[in-house]
Amino acid sequence: MEISLLKALLSNISSFLNLSSFEKINSEPVQKYYQRAEEILKLLKPILNAIIDSEVTSDEVLIKAFEGLGLSIEELREQCDSWQPLLSKVYFVLQVESLISKIRNPSLEIVQFLKCSHLHLPDELSSASLEHCLQKIKHVGYEQTSSVIREAIRDQVDSVGPSSEILAKIAENLSLGSNQEILIEAVALEKLKENAEQAEKTAEAEFVDQIIGLVTRMHERLVLIKHSQTCSPVPIPADFCCPLSLELMTDPVIVASGQTYERAFIKKWIGLGLIVCPKTRQTLAHTNLIPNYTVKALIANWCESNNVKLPDPMKSMSPLLLHAESGLSRDSSSVPRSRSSQPISPESQSTSQTDKNLVTSSGLNREGTSPLHPRSTSKGSLPAIDGNGEYLDVARISLSSAEEGSNLEQRDFPQGPIGDANESLEASTHLRANSDVNGEVKSDSQPVASSAIPQREAEFSPRFMDPRSRSQRIWRRQSERFIPRIISSPGIENKADLSGTETQVKKLVEDLKSTSVDTQREATAQLRLLAKHNMDNRIIIANCGAISMLVNLLRSPDAKTQENAVTALLNLSINDNNKTAIANANAIEPLIHVLETGTPEAKENSAATLFSLSVIEDNKVKIGRSGAIGPLVNLLGNGTPRGKKDASTALFNLSIFHENKARIVQAGAVRHLVELMDPAAGMVDKAVAVLANLATIPEGRTSIGQEQGIPVLVEVVELGSARGKENAAAALLQLCTNSNRFCSLVLQEGAVPPLVALSQSGTPRAREKAQTLLSVFRNQRHGNSGRG
């Protein structure tokens, strides 16, 4: 048996050494780590060959060393063999440096044991030759980048923050010297975090999140360096710079997510097989690149006014993008495989696994000024273009339900071209209700791009089956989206001159201070109007100090002033920096006041503003702890149809933060959510998405059972949209795996046939949940028959 174990070890070593003929082994960071392991194993292999027939191999110390060494070599071989350029370099280094230590240490133990052994050894294994080998293994060159990474993470957790020198060292060791390489790393890490969350590996997900924070710091450092190196005599407006190159754009184009990039950079990015938006993490529904003539003209005018020459975009392109294939193929065969669940935390140990999914992510909603944190897998659609070829501010366009005839909502749509290609699509975040293995739905905060054809549905819209009846209900096709609407009054057709706008805004801000109710009402109405048009106006309004004044007017006794103020803040919150500024102006409690006392429209827009603010993680905590959940639940149960949708959207986002789930349940939300799962309400997908999150806590499951939520969840599994079925299955899975009683109730509702159908034809996640549920049912039956 010991000889077989040794032979297996030698086979593993040979298999590992054969990797040297693979082209990927010659790429960084694989090459240097492979060479270190190769050097050790080439020294060890002749020694193991020499003792294969020796009685020394039966020694317990060697047997233990052979076992551990064989496992480590096999795992390292899998890590090297599965490496792809789009995987996380930080992940790889943390893995392989640990494995090389696990190879080096037992190798030293084996040689040291043989050197000191009193048993007869083959002649070639003299004490001198073994000592020579021992010293060579000890001196195999090997810099511990992983220890530097972990030290940086510790500094970050301790709020000290890694030094610029440490960040530079990590970037240099991992070849993360360009913004493009850092963004690719961020995409890969987000995928790892998503996989850890789906596998319910909380500690691992938190560790990956810490790494993401570290990479974010590396990105921020790079941006500062880039700004300091700019040769432009005047600061370049951020919206004129490509998020990939950080350079002034010469040929700006819009991608399916609505973001604008330099054509050469985004084309090469997509050519790598990265069909995700670098900034938002949104999976691109298509790879068409639409010229952004508006931004191009603005850049040209700015360059002319400031005597700035446009750069050559190719000069700042990273080697990885430079050598990307020029084609825009979405063939899945060209997409590298990603590791799906291998732990990277120091305490975790696991064998390597692979997942054919594209390196994207769909997990926790994270949005800020950095492009590293937004996450999404939902698909977008083409930016809307009017009959004159102008890009519309589609953030304020949403599709109504079937009951409303699928027409555009007539609520303050802008009619002119946008002033900033990124503005409208950063503006209104919508949520695709994704659910993980644990059944919890994650929000994918992401920009919305509406189609030029109102009836066209994006991927996340419900797609109901042909109308059929179940429990006397009529199921219709609906177009529901988790979208905060950007609302204002019909307004100005043309983009105002910025200097004129600034003068106007300063005058309006002064009017907000007036003691005249009429003056305040008119000023808030004008700011509401200006805030709807473009990003420039929103920035100017914020910079002129209007936000704190508007927040104060949320408590105005004049209903119209209050309504104008809350709507203006909603429109201002389109800008990420304004989200933070509004929250920092202590707006949350005044917004709750509007929720409790305002007009129906003011309540709707207050809920939508709270949703918009909750896109930022810290605000989820603040909003939940400030008492907003009760009024939101009240709006959910008693508001207008639009108010109910706004409330459900806000509650969905708040329910992502674990602490808020119990608050939502205690406020009585489950009863309203179950009622809103009637298709006639037009809110099935919204309601079931929130319930899927609430089902992850005991109080939520109890309340779902008490409020008769099980029958309607089963109904959605049978007749709902693709996304609705997935989330309903996630909720039922939570109910059934935590309670035999609930499991029996689900079976009594006839869940098996629709679950069998879902296990064969649903989304990948829906199929997985349906199969798991069916397995739970089988196990319960077997368990019951065994006890009988």
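The values are calculated or read from the model by the stated rules, or taken from the named source; none is laboratory data. None of the values given here were measured: they were computed from a predicted structure. Note that we place each Cβ from the backbone using ideal geometry, even for glycine, and neighbour counts take in every protein chain shown. Each accessible area value is taken on the protein alone, full model and side chains, heavy atoms only, with ligands, DNA and RNA left out. Shrake-Rupley method; radii C 1.70, N 1.55, O 1.52, S 1.80 Å.
Averaging Cα coordinates gives a centre for segment 702-728 and one for segment 201-230; these two points are 39 Å apart. Based on protein heavy atoms only, segment 486-624 ends up with 36 Å² per residue of surface accessible to a 1.4 Å probe. Counting 0.36 nm for each residue step from Arg555 to Lys507 and taking away their Cα separation leaves a gain of 15.1 nm.
Under the √(5λ) rule applied to the eigenvalues of the Cα gyration tensor, what semi-axes describe the equivalent ellipsoid of segment 1-142? Give them in Å, descending. Could the numbers behind the result be given before it?
Details: eigenvalues 162, 44, 31 Å².
Its equivalent ellipsoid spans semi-axes of 28, 15, 12 Å.
Close amide-amide hydrogen proximity is noted between Val276 and Leu284, each under 5 Å apart and 5 or more residues distant or on a separate chain (H modeled in the peptide plane; Pro and chain starts excluded). When only alpha carbons are used to place a centre, segment 3-33 and segment 754-777 end up 40 Å from one another.
So what's the net charge close to Gly624: Lys and Arg +1, Asp and Glu -1, counting the other residues with Cβ under 12 Å from its Cβ? Could you put the intermediate results ahead of the total?
Values: positive: Lys620, Lys622, Arg625, Lys661, Arg663; negative: Glu617, Asp618, Glu659.
That sum, taken over residues with Cβ under 12 Å, equals +2.
Between Gln780 and Glu165, the contour length at 0.36 nm per residue exceeds the Cα-Cα span by 215.6 nm. Expressed as a whole percent, the accessible area of segment 100-196 that falls on carbon and sulfur atoms is 51 (1.4 Å probe). Take the Cα of Ala662, go 7 Å toward its beta carbon, and the backbone nitrogen atoms of segment 699-718 under 18 Å from that spot belong to 699-704. By accessible area, using a 1.4 Å probe on protein heavy atoms only, segment 34-92 has 47% of its surface on carbon and sulfur. Given axes a ≥ b ≥ c from the Cα gyration tensor, I'd like to know whether segment 497-585 is rounded (a/c under 1.5), prolate (a/b larger than b/c) or oblate. Note, shape of segment 497-585 comes out oblate.
May I ask you to derive the FRET efficiency for Glu23 and Glu699 from their Cβ-Cβ distance with R0 = 51 Å, giving the value to the nearest 0.05? The partial results should precede the final answer.
On the way: r = 55 Å, r/R0 = 1.07.
Approximately 0.40, to the nearest 0.05.
A crude spin-label estimate for the pair Leu747 and Glu596, with each label 7 Å from Cα along the Cβ direction, gives 4.8 nm.
Reducing segment 94-121 and segment 497-532 to their Cα centroids gives an inter-centroid distance of 75 Å.
Annotation: per residue accessible area for segment 245-307 equals 30 Å², rounded to a whole number [probe 1.4 Å, protein chains only]. Note on segment 158-229: Rg/Rh from C-alpha atoms, Kirkwood Rh, equals 1.02. Annotation: per residue accessible area for segment 147-187 equals 40 Å², rounded to a whole number [probe 1.4 Å, protein chains only]. Computed log10 I(q)/I(0) for segment 245-307 at 0.12, 0.20, 0.23 Å⁻¹: -0.30, -0.74, -0.91, from the Debye equation with unit scatterers placed on every C-alpha and solvent omitted.
Among residues other than Arg263 whose Cβ falls under 11 Å from its Cβ, what is the net charge (Lys/Arg +1, Asp/Glu -1)?
Details: positive: Lys267, Lys268, Lys296; negative: Asp251, Glu262.
Summing Lys and Arg as +1 and Asp and Glu as -1 gives +1.
Measuring r between the beta carbons of His132 and Asn584 and using R0 = 45 Å, the FRET efficiency lands at 0.10.
Take the Cβ-Cβ distance between Ile153 and Asn49 as r, set R0 to 35 Å, and report the resulting FRET efficiency rounded to the nearest 0.05. Present the calculation step by step, with values, prior to reporting the outcome.
Numbers: r = 42 Å, r/R0 = 1.20.
Computed FRET efficiency for Ile153 and Asn49: 0.25.
Segment Ser548..Gln229, full-extension length gain: 111.3 nm, with 0.36 nm per residue of separation and the alpha-carbon distance subtracted. For segment 624-632, the Karplus equation 6.51 cos²θ - 1.76 cosθ + 1.60, evaluated at θ = phi - 60°, returns couplings of x, 7, 8, x, 6, 5, x, x, 5 Hz by residue, with Gly and Pro reported as x. Just the protein heavy atoms count here, and of the accessible area of segment 497-585 at 1.4 Å, carbon and sulfur take up 49 percent.
Using C-alpha pairs below 8 Å separated by at least 6 residues, the relative contact order for segment 245-307 is 37 percent. Computed from backbone phi, the HN-Hα couplings of segment 48-61 come to 5, 4, 6, 9, 4, 9, 8, 5, 5, 5, 7, 5, 4, 4 Hz, rounded to whole numbers (Karplus: 6.51 cos²θ - 1.76 cosθ + 1.60, θ = phi - 60°; Gly and Pro given as x).
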